[in-house]
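Please read the structure below before turning to the comments.
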Amino acid sequence: MEGGNLLSGGVDTLNEIKEHILELHGYQSKHDTLILDEENLDKSIKALEKDIAEEIASITKKRRQEIDDTFDKQMDKTKARIRKTKEKRDKHKNMKMSERMEAETASLKEDNNLLKNEAKDLFQQRQVPPFCYTNLYYSLYFPSGIVDILVILCALVMTLFVIPCGIYYVFLPVEKTLYLIITYVITVLVFGGVYIVTGNNTKDQHMEVLKQVKKLKGLIKINQKKAAVIRRSIRKDRDESSYGLENFDEELAKLEREISDFTEQKKDALGVFDNSTSQVIASEIRGLYEEKLTAFKNEYEKVSSEVLKAEDKVKLLSIKIASDYEPFLGKDLMTLDRLEALINIIRAGSANTLSEALAVYKQEINTAIQK
C-alpha cells in the first residue's frame, strides 16, 4: 500500500498492520525461546563433552597406574631379593674376613698366651698377689703412656672430688663446710694410705718380678698392636677373591639384569599404552556416549537453524513495519492497543479513513491532556 493509499485505508488496513505486528511479536517471542533452547543445548553438549573427557582421563590414568604398579611390584620383589643376597654376601664376607684375621693373627695370639702364662707363672713362683697383674695396678704404680696418665687422673678425680662430695651431699644429714673438710681429709688419707701401703708391700718385695712382668706386658701390647694392624689391613683390602663370593656376585648380577629388563619392559608397556591403548580406551568411552552427544548436536543445529530463520523473519517484518507503516502513523502508534483504538474510532463512525481516525485520536489525546 503506497503513500496516501495507506492513510485513505480503513479497518482492513489497520487489521493488516496489526497482523504484521502480531506476526513480528510472535517471531520475536519464538526467537527468544529458541535462543534460550540453543544456550541450554550448548551447555548440555559442553557438560557431556566434559564428562566424557573426565571419564577418559580418569580411566586412562587408572589403567596406566595399574601397569606401572604391576611392574613396580615385581621390581620391588627383585630389589628385596637383592637386599637379602647382599646381606648374605656381607655376612659370608665378614665370616671369611674373621677367619682370615684369626689365621693371620694366630701366631701373635699364641705368643701372647705364652707371655701371659709366663707372667702368671712368675707371680705364682714368687707369691705375688694376683691383683698386681691387673692393668689398673701397672697404670697406678708403673705408668708408661697416655692411657696410664689418664687412669691416674681419673683416680685423682675420684679420690679428690667424686667420693668426698658424694659422701658429703648424699650420706651426711647436715651440710657444713667443716664436715666437707673432714670428709675430704679422711678420703684422701684413706685412699692415699691404701695407695702407699699397697705400693710399699708390693713394689719393695717384688720389684724384680713386677718389672719382668711389665716387660712381658709391653711385648703383649706390641703383639696386640701388630694384630690390630693386620686386622685393619684385612678390612681395607679390596681383593675379595679369597672369600668365595662368586655365587653371590653371580646372583646379584642376575638380579640386576632382571631390574634392567623390568625397567625396559615397563617403558615399552607404557609407551604402547600411551600411543595406542589409551586411544582405544578413549574411543570405546566416546562410543558409549556417541548417540546421546550426536542427538544433542543435531538438536542444537536444528535449533540454531530455526534461530536464524526467526531472526530473518524479525528483520524482514521490522524493516517492513519501519518502512511501510511508521512513516505515516509514527512509531508511537505501532502498538496493538493504539491500533485497536483507531479501529474502534472508525467502527464507531467517528471517522471513515485512517487519516481521519488519526486526527480524531490525536484530538482525544489532546483533550485528555488538557483535562
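The values are calculated or read from the model by the stated rules, or taken from the named source; none is laboratory data. None of these values were measured; they are calculated from a predicted model. Positions of Cβ are backbone-derived with ideal geometry, glycine not excepted, and every protein chain shown enters the neighbour counts.
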For this session: Find the residue count for segment 105-147, including only residues that are touching a helix residue (DSSP H, G or I) at 6+ places or on another chain (Cβ under 6 Å) and under 16 Å from ILE222 (Cα atoms).
Result: 6
Exercise. Do you know which of the residues in segment 226-263 that are loosely packed, with under 11 Cβ neighbours inside 10 Å and basic (Lys, Arg) is farthest from GLU104 (Cα to Cα)?
Worked result: ARG238
Exercise. Could you say which residue among SER98, SER107, SER139 is small (Gly, Ala, Ser) and modelled with pLDDT under 85?
Worked result: SER139
Exercise. When you go through (1) farther than 30 Å from LEU339 by Cβ; (2) over 22 Å from the mean Cα position of the chain (by Cα); (3) of a type in the set (A, V, I, L, M); (4) surrounded by fewer than 14 Cβ atoms within 10 Å (Cβ to Cβ) one by one for ALA57, which number turns out not to apply?
Worked result: (2)
For this session: Considering each of MET97, MET75 in turn, give the residue that is surrounded by 12 or more Cβ atoms within 10 Å (Cβ to Cβ), within 28 Å of the chain's Cα centre (by Cα) and part of a helix (DSSP H, G or I).
Result: MET75
Problem set entry | From the options ILE56, ILE21, ILE52, ILE45, residue that is in the same structural domain as ASP274 (by TED's automatic domain parsing), within 30 Å of TYR325 (Cα to Cα) and aliphatic (A, V, I, L, M) | ILE21
Problem set entry | Odd one out for ILE45, checked against (1) in contact (Cβ under 8 Å) with a residue 60 or more places away in the chain; (2) within 30 Å of GLU256 (Cα to Cα) | (2)
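Conditions (1) closer than 30 Å to PHE71 by Cα; (2) over 40 Å from the mean Cα position of the chain (by Cα); (3) in contact (Cβ under 8 Å) with a residue 60 or more places away in the chain, marked per residue:
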site	(1), (2), (3)
GLY244	no, yes, yes
ASN247	yes, no, no
GLU256	yes, no, yes
ILE259	yes, no, yes
ALA269	yes, no, yes
GLU299	no, yes, yes
LEU316	no, yes, no
ILE319	no, yes, no
LYS331	no, yes, no
Exercise. Looking at (1) of a type outside the set (Gly, Ala, Ser); (2) part of a helix (DSSP H, G or I); (3) surrounded by fewer than 16 Cβ atoms within 10 Å (Cβ to Cβ), which is the one condition that is false for PRO143?
Worked result: (2)
Exercise. List pairs: first in segment 89-118 and in the same structural domain as LEU219 (by TED's automatic domain parsing) and on the phi > 0 side of the Ramachandran plot, second outside any helix (DSSP H, G or I) and surrounded by 13 or more Cβ atoms within 10 Å (Cβ to Cβ), Cβ under 6 Å, 6+ apart or cross-chain?
Worked result: none
Exercise. Only one of (1) surrounded by 15 or more Cβ atoms within 10 Å (Cβ to Cβ); (2) closer than 30 Å to ALA282 by Cβ; (3) among the small types (Gly, Ala, Ser) fails for ALA47. Which number is that?
Worked result: (1)
Exercise. Given the structure, is GLU66 loosely packed, with under 12 Cβ neighbours inside 10 Å and either under 30 Å from LEU255 (Cβ atoms) or outside the structural domain of ILE259 (by TED's automatic domain parsing) (or both)?
Worked result: yes
